[in-house]
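Notes follow once the structure below has been shown.
The values are calculated or read from the model by the stated rules, or taken from the named source; none is laboratory data. Just so you know, these numbers come straight off a predicted model, no measurement behind them. Here the Cβ positions follow ideal geometry from the backbone for every residue, glycine too, while neighbour counts run over all protein chains shown.
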Amino acid sequence: MSLPTPVLSCRNITKRFGRAIAPAVAQVSFDLHKGDLLGLLGPSGCGKTTLLRLMAGFEIPDETGQIELAGRLVCGAGLWVPPEQRQVGIVFQDYALFPHLSVLQNVEFGLKQLYRRGKLAKKQIQELAHEALSLVGLESMKKRYPHELSGGQQQRVALARALAPRPPLILLDEPFSNLDVQVRLRLRQEVRDILKGVGASGVFVTHDQEEALAIADRVAVMHQGKIEQLDTPEGIYQSPASRFIAEFVTQANFVPAVRSAQGWKTELGLLEMRPDNSFASVADQGDLMISQEDLQIVRDENGTLIVQSRQFLGRVYQYSLLLKSGKVLEVRTAATQQLAVGDSVSVKINEKNVRLFPASTSPIAIEAREKLVV
């Protein structure tokens, strides 16, 4: 049985700007299937927005590579289809609404362009526009103008405009970054529900780890123009493929460790090497990745860690713990566990989730490990 044709297929996409030594996007390949939402996650400058612009047709890739939309080649082999002919809906970071047009007129704008090109019957313009506004819950506001709407409502109008022509692919560029926290949290779930409800496929760019994990079916973590890992949100968080992903996505702690006959020697004590440890049979030294949630702390007058700072985050406390070496551990606990700055604490590690990353060659890391050798 053959697999269905991907809605979007990128093969070896590369984009270099000017005389830059390193490409902004380097040999990126992936497929997106119908109804799936893909999050492009990474820090500023990693190439995620450039990749989105290449999909949309706003940028032309280097000679190598191809992009197909719904089985149709739109870029590659000497061919380049302009954005307006790609049947792609786009939601911009700043909404990009026309201030002199009403909500309904903004949604109709793209439909009218399709009508002028003979792609749509005139009677379908209002029908599709009203359907799109109904999807985002703004049909009652169709006569208002953008300045009469909240930021969240403007973003819904932008989404309705992108959905109205019923394109096979929706591209969203940092769609929630201009919104207040509470609006952002609510709207991101609403957008996911809307896209899922109509069976749309989508790619959205974000630098917010929580946002990507919450919305996407799959997450592509980008670093220096490349996709370092493409996986489910759970796979990205629980099994990061590189130290960069572990640091950027999970914001985990890294503790130098050296293998001994008894187990892994660390500044936090000896960790047992059990068969179910993910680090049980690899290198002899390295850095153990320990997530903030896998550290349990208790007040202990004889403890070797000191509470350096405390932040109350509502449901949890965020503690920074100072070790004798000067290293700082970040720990999250339930809000019911309240410790004071300056308290001495001891720590217990959930060893099952600990992972080992190969030893760094940096002088600082080498010096830290040498202190552990007996």
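When the stretch 125-154 is limited to residues that are under 21 Å from residue 84 (Cα atoms) and buried (at least 16 other Cβ atoms within 10 Å of the Cβ), the one that is farthest from the chain's Cα centre (by Cα) turns out to be 125. Look at the stretch 3-19: where a residue is at positive phi and a partner is at pLDDT below 90 and surrounded by fewer than 14 Cβ atoms within 10 Å (Cβ to Cβ), sitting 6+ places away or on another chain with Cβ atoms under 9 Å, you get 12/64. Quickly run through the stretch 191-220 and pick out the residues that are under 21 Å from residue 132 (Cβ atoms) and crowded, with 16+ Cβ neighbours inside 10 Å. Once the filter is applied, which keeps residues that are under 21 Å from residue 132 (Cβ atoms) and crowded, with 16+ Cβ neighbours inside 10 Å, the stretch 191-220 yields 191, 192, 194, 195, 200, 201, 202, 203, 204, 215. The residues in the stretch 221-274 that are small (Gly, Ala, Ser) and on the phi > 0 side of the Ramachandran plot can be counted, and the count is 3. Does residue 189 satisfy being within 21 Å of residue 70 (Cβ to Cβ), out of contact with any His (no Cβ under 8 Å at 6 or more places or on another chain), assigned by TED's automatic domain parsing to the domain that holds residue 99 and polar (S, T, N, Q)? No; evaluated as a whole, the condition is false for this residue. All of (1) out of contact with any Gly (no Cβ under 6 Å at 6 or more places or on another chain); (2) assigned to a loop (DSSP other than H, G, I, E, B); (3) closer than 12 Å to residue 169 by Cβ hold for residue 35 with one exception: (1).
Taken over the stretch 328-374, residues that are modelled with pLDDT under 85 and assigned to a loop (DSSP other than H, G, I, E, B) amount to 8.
Yes/no matrix, rows are residues, columns are (1) of a type in the set (S, T, N, Q); (2) within 16 Å of residue 341 (Cβ to Cβ); (3) modelled with pLDDT of 90 or more:
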residue: 251; (1), (2), (3): yes, no, no
residue: 259; (1), (2), (3): no, no, no
residue: 266; (1), (2), (3): yes, no, yes
residue: 280; (1), (2), (3): no, no, no
residue: 296; (1), (2), (3): yes, no, yes
residue: 307; (1), (2), (3): no, yes, yes
residue: 326; (1), (2), (3): no, no, yes
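Residues that are crowded, with 18+ Cβ neighbours inside 10 Å and closer than 20 Å to residue 163 by Cα within the stretch 75-86 comprise just one, 86.
Please enumerate the residues belonging to the stretch 177-203 that are of a type in the set (A, V, I, L, M, F, W, C) and closer than 18 Å to residue 217 by Cα. If the condition is that a residue be of a type in the set (A, V, I, L, M, F, W, C) and closer than 18 Å to residue 217 by Cα, then 185, 187, 191, 194, 195, 198, 200, 203 are the ones that fit. For residue 98, the conditions (1) hydrophobic (A, V, I, L, M, F, W, C); (2) farther than 21 Å from residue 133 by Cβ; (3) out of contact with any strand residue (DSSP E or B) (no Cβ under 6 Å at 6 or more places or on another chain) are fulfilled apart from (2).
The conditions of being free of Cβ contacts under 8 Å to residues at least 12 places away in the same chain and in the same structural domain as residue 165 (by TED's automatic domain parsing) are met by residue 140. Take the stretch 105-116 and flag every residue that is in contact (Cβ under 8 Å) with a residue 12 or more places away in the chain and either surrounded by fewer than 18 Cβ atoms within 10 Å (Cβ to Cβ) or not assigned by TED's automatic domain parsing to the domain that holds residue 155 (or both). Once the filter is applied, which keeps residues that are in contact (Cβ under 8 Å) with a residue 12 or more places away in the chain and either surrounded by fewer than 18 Cβ atoms within 10 Å (Cβ to Cβ) or not assigned by TED's automatic domain parsing to the domain that holds residue 155 (or both), the stretch 105-116 yields 109, 112, 113.
Which residue is farthest from residue 208 (Cα to Cα), if the candidates are limited to the stretch 143-177 and must be touching a residue at least 40 places away in the same chain (Cβ under 8 Å) and hydroxyl-bearing (Ser, Thr, Tyr)? The residue in question is 145. For the stretch 61-96, residues that are of a type in the set (A, V, I, L, M) and either without any contact (Cβ under 8 Å) to a residue 24 or more places away in the chain or in contact with a Gly (Cβ under 8 Å, 6 or more places away or on another chain) (or both) total 7.
In the stretch 224-237 there is no residue matching the filter, namely being free of Cβ contacts under 8 Å to residues at least 40 places away in the same chain and over 27 Å from residue 27 (Cα atoms).
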